[in-house]
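Student: The structure follows.
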Amino acid sequence: MNQPFPDPQTANALGAGHDGQMVLALPKGRILKAVTPLMAGTGMAPSADCLGDSSRKLRFSTEDPGVDIVRVRSFDVATFVAAGGAQVGICGSDVLMEFDYPEIYAPLDLGIGACRIAVAQPAHLPHDPQEWARWSEVRVATKYPAITRRFFAARGINATIVHLHGAMELAPMLGLSRLIVDLVDTGSTLRANGLKEVETIAQVSSRLIINRTALKTRPDQIDCILSRFRTALAGTTTAAK
């Protein structure tokens, strides 16, 4: 169950936005690097220390004096936006699927961070969909318990979750689970650890997300940010052709 968030009036008065700044939540790691060229095209490029690994700061200025950036874990971006701590954010569609926050509106696919959520198993085991149809339950290691349960429940299978935050590939090797559900890009990590991808649950990419209360209470600012992203995205797409 999702945690309860403050009511809209309280949320609007709480957090980094209380001083009138618009706050944009960005994920640490590879998506932050991938989104940097796009951010430059929006006129909201973050300060240099946001992009480095040495700074201990979590909040950073941008080219736009009315917009600040907070840099958080990828799984936390949606929570910051849903709770009203940030009005806008960028996060993977995998996170949106996992938490399914009603407080979030995701109007724009940014076309970066493309990968997929997939089921994998030891490579030496055969994959037989007919065998899956006979299962009543299965043990699965994943950082996506909600997505995993929904996927297997749709097939009439009860998924017992081993909830891990990383190194999922070790779970079948060490007897913690039969299957794993994880993000897959090239599949090289799976192969290096004796696993193979057997089912794709969903394609994933990064989305621009907006707090629904902010969309109502600060529509001009939100529309401006959304327009900037659309213009920057169109420019990036044109340049790539």
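Student: Would you list which aspartates and glutamates come within 15 Å of Lys196, measuring only between C-alpha atoms, while excluding same-chain residues fewer than 8 positions from it?
Tutor: Asp128, Glu169, Asp182, Asp185
Student: On full extension of the chain, what length is gained from Ala192 through Asp128, given 0.36 nm per residue of separation minus the C-alpha to C-alpha distance?
Tutor: Gain on stretching Ala192 to Asp128: 20.8 nm.
Student: Out of the total accessible area of the range 114-202 (probe 1.4 Å, heavy atoms of protein only), what percent is carbon and sulfur?
Tutor: 52
Student: Students often check this: by mean Cβ neighbours within 10 Å, which of 203-213, 112-122, 151-161, 87-97 ranks highest, and how do the rest follow?
Tutor: 87-97, 203-213, 112-122, 151-161
Student: Using the C-alpha gyration tensor of the range 71-184, what are the square roots of 5 times its eigenvalues, in whole angstrom, with the largest one first?
Tutor: Value: 30, 15, 13 Å, ordered largest first.
Student: Now for a separate question. Would you compute, from DSSP H runs of 4+ residues alone, the mean residue ellipticity of the chain at 222 nm, taking -39500 (n - 2.57) per run and dividing by the full residue count, rounded to the nearest 500?
Tutor: That comes out to -9500 deg cm²/dmol.
Student: So what is the relative contact order for the range 114-202, in percent, with contacts set as C-alpha pairs under 8 Å and at least six apart?
Tutor: 48
Student: Based on Cβ point charges of +1 for Lys and Arg and -1 for Asp and Glu, what charge dipole magnitude is obtained for the chain about its Cα centre, in debye rounded to the nearest 20?
Tutor: In debye, rounded to 20, the chain gives about 260.
Student: Straight-line reach from Lys57: which aspartates and glutamates have a Cα under 14 Å away, not including same-chain ones fewer than 8 places off?
Tutor: The qualifying aspartates and glutamates are Asp49, Asp68.
Student: Suppose each label sits 7 Å from its Cα in the direction of the beta carbon; what would the Arg155-Cys115 distance come out to in nanometres?
Tutor: 2.1
Student: Report the gain in length on full extension from Ala202 to Thr217: 0.36 nm times residue separation, minus Cα-Cα distance, nm rounded to one decimal.
Tutor: 2.1 nm
Student: Under the 0.36 nm per residue contour assumption, what length would be gained going from the current alpha-carbon distance of Ala167 and Trp135 to full extension?
Tutor: The span from Ala167 to Trp135 would gain 9.0 nm if fully extended.
Student: With every protein chain left in place, what is the accessible area per residue of the range 80-186 in square angstrom, probe 1.4 Å?
Tutor: 44
The values are calculated or read from the model by the stated rules, or taken from the named source; none is laboratory data. Just so you know, these numbers come straight off a predicted model, no measurement behind them. Positions of Cβ are generated from backbone atoms using ideal geometry, with glycine treated the same way; all protein chains shown enter the neighbour counts. Note: accessible area is taken over every heavy atom of the protein model, side chains too, but ligands, DNA and RNA are not part of it. Shrake-Rupley method; radii C 1.70, N 1.55, O 1.52, S 1.80 Å.
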